[in-house]
Amino acid sequence: RGLAAGPEMHFGFQTVTEEERREKINQVFESVAKKYDVMNDSMTLGIHRVWKDILMHKMNPSPGTLLLDVAGGTGDIAFRFINYVRSKQEHQLQRKLKHHQNLSWQEIFESYQKDKFNSLGDSQVVVCDINREMLKVGKQKAQHLGYSEGLSWVLGNAEELPFDNDKFDVYTIAFGIRNVTRIDLALQEAYRVLKPGGRFLCLEFSHVSNPLLSRLYDLYSFQVIPVLGEVIAGDWKSYQYLVESIRQFPPQEELKAMIEDAGFFKVDYENLNFGIVAIHSGFKL
Amino acid sequence: GRARANHSEPWGRDGRGGEEEEEEGWHQLYPGHIPTSLLQKALLAAGSAVMALYDPYRHDMVAVLGETTGCLALPNLRDKMKNHPEGYHILQERPRIRLSTLDMARLQGLPDGSLGREYVRFLEDNKVSPDTRMPPKFVDDEELAYVIQRYREVHDLMHTLLGMPTNMLGEVVVKWFEAVQTGLPMCVLGAAFGPVRLSTRKLQVLATELVPWAIRSGLNASCVLNVYYEQRWEQPVESLREELGIFPPP
């Protein structure tokens, strides 16, 4: 439901075939890649950063976690993950040192050295995206910001992941699942590549039920966002697609049911900003 | 014809009905047309004005500004064209100035001082091409969309007729001329704010000689959009200037 039956589907408010949809979405992201981050900040007035921070807190990864971030293009989730486990690792180290009050300076120094080479505590994140341009931007950002350890970039399709079964501790997809043509396949793949006990987390635009807020949100989405797209990125059409695709996406309960259909347990969701955005979570048991 | 504004209502999950409504609302009048509501046009006008000032290399923003603010000036221009035999001709035939439609070799072969020869010289000297003009997107009338397209494509010929190069100074002078000629708010804004980025020495020349000349010529000359340039390549530039009423450049 939410997807048209047969070979016809929606691209925003247009009706297209599956092939056309994939191609159109590919073009959208090729076109927006360079200005992706600027546009995110402009459209959400920087709030998307808070949403992603909340996702990371909910995940609460401990050092040693292996994360797969799908549709992770420009690296926002991956970098946050690295920061989070690095700081956790540091805290753990500090706590350890506090307990070793009787160590000589030499021993403390050595202990520091050992853990310095392990600043991430063996945590790793794989960023997987179907679009080369987005990955390119992500890699450049990583270089610019100094992220290299524990980070890898893979070109891949969420509907057919290039990974073995039972590999990852956590699977995230932030603002990506909306652009997947066969959501059911993506969910099945997510289930497949997660280890037993692994967690699925999805951060995505969802539905606002409050009628007043919904109208204001629609007004802002349809009147302001494409204009921002044109003025900042010189690209009205991609941002028109963006706001339309949000309306086409299954609402909270429907997505929850789809996640359960893929085999996940303990599926629930948390609304952020009255449902403008929702985080869905599920576990593979 | 007029387009219905792109006011999209979120439609229900049950498909059919909402879909038809959406397709109707998206009324494309010409290829590249994006129908917009009044609010969207206002936001676009404001946004493009700011962006054009902030980043002068965003020519697309200047174009958008022209389209969203031209609602009074464009019909005016179109009427001027309709009421003039040559202008009427242009509206009927809708000629386009593009590398693919121009016979560059022939124009280069024309005698010095002719419109065709001097136009090609201008393109070469300033390393510009007529193909870089933005097609209109936000004009909600397909005849007016042609008018603004024609205005853009004829811009380089303005440079040729006025003898102005494509540096900031030259562009500002041409904008003053165009502002007087067309009344397009975008030209007025460009003429008023363009000089902001010029040195004081250039500003002096601009204020004392160039702008007064551009204004006088603009007022004196007949409508430059009423000239079928493509049929006048052999005509000497000076003769065309005289015919139009453009005073010789200082």
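Rule-based calculations on the coordinates, nothing more; no lab input. Note that this is a predicted model, so its numbers are computed, not measured. Cβ coordinates were reconstructed from backbone atoms using ideal geometry, including for glycine residues, and neighbour counts include every protein chain displayed.
Points worth noting:
- The per residue volume of the convex hull around the alpha-carbon atoms of chain B is 137 Å³.
- Bridging of A:LYS136 to lysines at a Cα separation below 22 Å is possible for A:LYS24, A:LYS34, A:LYS35, A:LYS52, once same-chain residues fewer than 8 apart are set aside.
- Exposure proxy for A:LYS24, A:LYS284: other Cβ atoms within 10 Å of each Cβ, ordered fewest to most, give A:LYS24, A:LYS284.
- For q = 0.28 Å⁻¹, Debye-computed log10 I/I(0) when each Cα of the range B:43-84 counts as one equal scatterer: -0.83
- The Cα-based radius of gyration and maximum Cα-Cα distance (Dmax) for the protein assembly as shown are 29.7, 101 Å.
- Extension gain, B:PHE193 back to B:GLU86 (0.36 nm per residue minus Cα-Cα distance, nm): 35.2 nm
- Proximal lysines to A:LYS284, defined as alpha-carbon separation beneath 20 angstrom and excluding residues fewer than eight positions away on the same chain: A:LYS58, A:LYS167, A:LYS195, A:LYS256, A:LYS266
- Compactness of the range A:36-284, expressed as Rg and Dmax over alpha-carbon positions, Å: 19.8, 66
- Across the options A:HIS100, A:TYR171, A:VAL277, the greatest Cα extent toward the positive end of the charge dipole of the protein assembly as shown (unit charges at beta carbon of Lys, Arg, Asp, Glu) belongs to A:HIS100.
- For the range A:11-87: Kirkwood Rh in Å [reciprocal of mean 1/r, alpha carbons]: 14.7 Å
- The mean number of partner chain beta-carbon atoms within 10 angstrom of a residue's beta-carbon across peptide A:223-229 is 5.
- Ellipsoid semi-axes in whole angstrom, largest first, where each is sqrt(5λ) of the Cα gyration tensor of the range A:127-191: 22, 14, 10
- Rounded to the nearest whole Hz, the Karplus-based 3J(HN,Hα) values (6.51 cos²θ - 1.76 cosθ + 1.60, θ = phi - 60°) of the range A:277-285 follow the sequence 10, 9, 10, 9, 9, x, 10, 9, 9, with x at glycine and proline.
- B:ARG106-B:LEU244 FRET efficiency (beta carbon distance; Förster radius 25 Å; 0.05 resolution): 0.60
- Remark: B:THR68, A:THR65, A:THR181 ranked as A:THR181, A:THR65, B:THR68, counting other beta-carbon atoms within 10 Å and listing the fewest first.
- A:VAL277 long-range amide H proximity, modeled H, under 5 Å: A:SER206, A:LEU272
- Full extension of the chain between A:ASP53 and A:HIS100 yields a length gain of 13.6 nm, computed as 0.36 nm times the residue separation minus the alpha carbon distance.
- In terms of overall dimensions, the C-alpha atoms belonging to the range A:172-245 reach 45, 32, 18 Å along their principal axes, ordered largest to smallest.
- With neighbour counts taken as other beta-carbon atoms within 10 Å, the residues B:MET61, B:MET168 rank, fewest first, as B:MET168, B:MET61.
- Positive dipole terminus of the protein assembly as shown, leading residue within B:TYR146, A:SER245, B:PHE193 (C-beta point charges): B:PHE193
- For chymotrypsin sites (Phe, Trp or Tyr not before Pro), the sites in the range B:49-125 that DSSP calls loop and that have at most 11 other Cβ atoms within 10 Å are B:TYR57.
- Note on A:ILE108 and A:ASN83: their simple-model spin labels are 2.9 nm apart, each label 7 Å out from Cα toward Cβ.
- FRET efficiency estimate (nearest 0.05) - Cβ-Cβ, A:LYS34 to B:ARG121, R0 51 angstrom: 0.90
- Applying 1/(1 + (r/R0)^6) with R0 = 35 Å to the Cβ-Cβ distance of A:ALA257 and B:LEU39 gives a FRET efficiency near 0.40.
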